[in-house]
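The values are calculated or read from the model by the stated rules, or taken from the named source; none is laboratory data. Predicted model, so just to flag it, every value in this text is computed and none were measured. Here the Cβ positions follow ideal geometry from the backbone for every residue, glycine too, while neighbour counts run over all protein chains shown. These accessible areas exclude ligands, DNA and RNA; they are computed on the full protein's heavy atoms, side chains included. Shrake-Rupley method; radii C 1.70, N 1.55, O 1.52, S 1.80 Å.
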Amino acid sequence: MITQPLRFGLAGTGYWARITHAPALAATEGVEFAAVWGRNPRAAADLAGEYRATAYHDVSPFLAGVDAVCFAVPPDVQAAIATQAARAGKHLLLEKPVALTEAAADGLVEAVEQAGVASVVFFTQRFQPDVRAWLAEVEARGGWAGGVSAWLGSALRESNPFNTPWRRDRGGLWDVGPHMVSLLWASLGPVTSVTADAGPADVTHLVLHHRGGATSTATLTLSAAEAAAGFETYVWGKSGRLPMPGGDVDPVAALHTALGELVANARAGQTEHPCDVRFGRDVGRVLAEAQRQIDARRAGLARA
């Protein structure tokens, strides 16, 4: 069993890396924040300097000096480096979505399983104490017929720090969609099928069928007006509605929990977690099927 701190490297130097990942790595017991890799060498050097870590521009030496990698990079960049890291025996704290293609996600899962490394995907709300208490109550009460959720984000506003190229390209389905599918999956059971349609801009509507018979809906966008922005989820059944807590999210505290659970699994040789890379891949499959339906419908309308 591993007892010494795990040496973590941070892949990424952007806004989310600076305000969430770096502070959480620096404050988590069992973690030594040792290295920073970034595509921008100056940004990597600046962030590493704040935490007395070593900056890298090349991936191979970055991986050679750590036991685990915490990712805060676009999904396509993450999938490639995480696969390389897993093959090198590094434990993984991943962002969602784990990849943007099913092939990349499957390759990452295969690398993780072959290497026997631990993995956790940072579905933020799944690591909040109040949401975990809500999920426990959902399970204890049972008898739920369905769920309703909406995430009306405004990240694509010009001044928003999350207005990044991959979000502009992929929209709410791939950015906030993983969170919503993860929560509805955890509360109502595994998703067995999805029906999807699109509204204006990046607005996406999902109807999910869950094992056991429940159904749920989700509306997602990053293009909502700031005055309309918000998030809500509830399940409903014979006993009424049970809304998910909707207070302020502390992402550093949530990531601190996720890192602690990854470290515990790595030390114990445990490779399974409710939010591991396999679950991340499964959530991605739901999104990919939704995207296929939306793309097919748009292609049909273009031909009409």
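Only one of ALA24, ALA35 is closer than 17 Å to LEU92 by Cα and outside any helix (DSSP H, G or I); which? Step through it out loud before you land on a result.
Numbers: ALA24 fails: outside any helix (DSSP H, G or I).
Testing whether each residue is closer than 17 Å to LEU92 by Cα and outside any helix (DSSP H, G or I) leaves just ALA35.
Considering only residues that are touching a strand residue (DSSP E or B) at 6+ places or on another chain (Cβ under 9 Å) and of a type in the set (D, E, K, R), which ones fall in segment 250-271?
Here is the first cut: in segment 250-271, the residues touching a strand residue (DSSP E or B) at 6+ places or on another chain (Cβ under 9 Å) are 255, 258-263, 265-267, 271.
Answer for segment 250-271, where residues must be touching a strand residue (DSSP E or B) at 6+ places or on another chain (Cβ under 9 Å) and of a type in the set (D, E, K, R): GLU261, ARG267.
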**Report entry** Residue in segment 262-283 that is within 21 Å of GLY199 (Cα to Cα) and out of contact with any helix residue (DSSP H, G or I) (no Cβ under 7 Å at 6 or more places or on another chain) present
**Finding:** no
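Among SER182, SER154, which is the only one that is touching an Asp or Glu at 6+ places or on another chain (Cβ under 7 Å), within 17 Å of THR219 (Cβ to Cβ) and either hydroxyl-bearing (Ser, Thr, Tyr) or open to solvent by 10 Å² or more (accessible area, probe 1.4 Å) (or both)? Before the answer, list the steps.
Values: SER182 fails: touching an Asp or Glu at 6+ places or on another chain (Cβ under 7 Å).
Result of the check over SER182, SER154: SER154.
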Report task. Can you tell me which residue among ARG267, ARG303, ARG278, ARG292 is touching a residue at least 12 places away in the same chain (Cβ under 8 Å), open to solvent by 50 Å² or more (accessible area, probe 1.4 Å) and of a type outside the set (A, V, I, L, M)? Result -> ARG267
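Per-residue answers, yes or no, for (1) out of contact with any Leu (no Cβ under 6 Å at 6 or more places or on another chain); (2) open to solvent by 30 Å² or more (accessible area, probe 1.4 Å); (3) modelled with pLDDT of 95 or more; (4) under 16 Å from SER149 (Cα atoms):
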| position | (1), (2), (3), (4) |
| --- | --- |
| ASP169 | yes, yes, yes, no |
| GLY172 | no, no, yes, yes |
| GLU232 | yes, yes, yes, yes |
| GLY237 | yes, no, yes, yes |
Query raised in the report: What number of residues within segment 37-75 satisfy the criterion of being under 20 Å from the mean Cα position of the chain (by Cα) and of a type in the set (A, V, I, L, M)?
Result: 4
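Would a scan of segment 197-204 turn up a residue that is surrounded by fewer than 21 Cβ atoms within 10 Å (Cβ to Cβ) and touching a residue at least 60 places away in the same chain (Cβ under 8 Å)?
If we filter segment 197-204 for residues that are surrounded by fewer than 21 Cβ atoms within 10 Å (Cβ to Cβ), which is where we start, we get 197-201, 203.
Restricting the remaining residues to those that are touching a residue at least 60 places away in the same chain (Cβ under 8 Å) gives 197-198.
Yes; the residues of segment 197-204 include at least one that is surrounded by fewer than 21 Cβ atoms within 10 Å (Cβ to Cβ) and touching a residue at least 60 places away in the same chain (Cβ under 8 Å).
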**Report entry** Residue list for segment 1-59, restricted to those being β-branched (Val, Ile, Thr), more than 16 Å from LEU262 (Cα to Cα) and open to solvent by 10 Å² or more (accessible area, probe 1.4 Å)
**Finding:** THR13, ILE19, THR54, VAL59
